[in-house]
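So the structure is just underneath, and the comments pick up after that.
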Amino acid sequence: MSDLHVELLAVEDCAHLEHAQRDLETVLRKGIIEVPIQVIYVTSQDDAEFLAFQGSPTIRINGEDVDPQPGLPIALGCRLYRAPEGGLVGSPPIELIRAAVEAHRRGRLQEFQREEAAKVAEFARAADASEAPEGESPPPHKSEV
């Protein structure tokens, strides 16, 4: 899964950074995914705006926030997350991290399956073409009817 890009954005003195990093490592390790976690320290309001940083800590999988909150303002400070039980917590719940990684895996699997299906269809068309008598076009393949 080499195309997985994992970012952990935080302000330098974030009290929840270690917890977020530990949960992220747990999810990746359980999925047997060896990928580096890019820790990005956001140190200025300009950086926060450039990175569309909504608070610390933020985890992104392939550039997508594990807990997208479009109405949340850019902030150089702490961020709160809604826990599955309904309360507020200071780092993304592990369920959100797991769901984001699994969504990436499903997307990659579907892409792989589409690519393989296209190869099989191309092979079938080539096989049909090679079996057609000279000068005749092959009959349409079942997938083209």
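The table below lists the values:
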{"quantity": "Considering residues of region 29-51 that are of a type in the set (Val, Ile, Thr) and without any contact (Cβ under 8 Å) to a residue 40 or more places away in the chain only, the residue surrounded by the most Cβ atoms within 10 Å (Cβ to Cβ)", "calculated": "Val42"}
{"quantity": "Residue list for region 55-107, restricted to those being in contact (Cβ under 8 Å) with a residue 60 or more places away in the chain, farther than 17 Å from Ile40 by Cα, among the hydrophobic types (A, V, I, L, M, F, W, C) and out of contact with any strand residue (DSSP E or B) (no Cβ under 7 Å at 6 or more places or on another chain)", "calculated": "Ile94"}
{"quantity": "Which numbered condition Arg82 misses (of (1) modelled with pLDDT of 95 or more; (2) of a type in the set (Lys, Arg); (3) more than 16 Å from Glu102 (Cβ to Cβ))", "calculated": "(1)"}
{"quantity": "In region 1-15, residue farthest from Ser91 (Cα to Cα) [restricted to those that are surrounded by fewer than 20 Cβ atoms within 10 Å (Cβ to Cβ) and at pLDDT 90 or above]", "calculated": "His5"}
{"quantity": "Top-ranked residue in region 45-84 [being among the β-branched types (Val, Ile, Thr) and not in a loop (DSSP other than H, G, I, E, B); ranked as nearest to Asp13 (Cα to Cα)]", "calculated": "Thr58"}
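The values are calculated or read from the model by the stated rules, or taken from the named source; none is laboratory data. These numbers come from a predicted model, not from an experiment. When we count neighbours, we look across all protein chains shown, and the Cβ atoms used for this are built from the backbone with ideal geometry, even at glycine.
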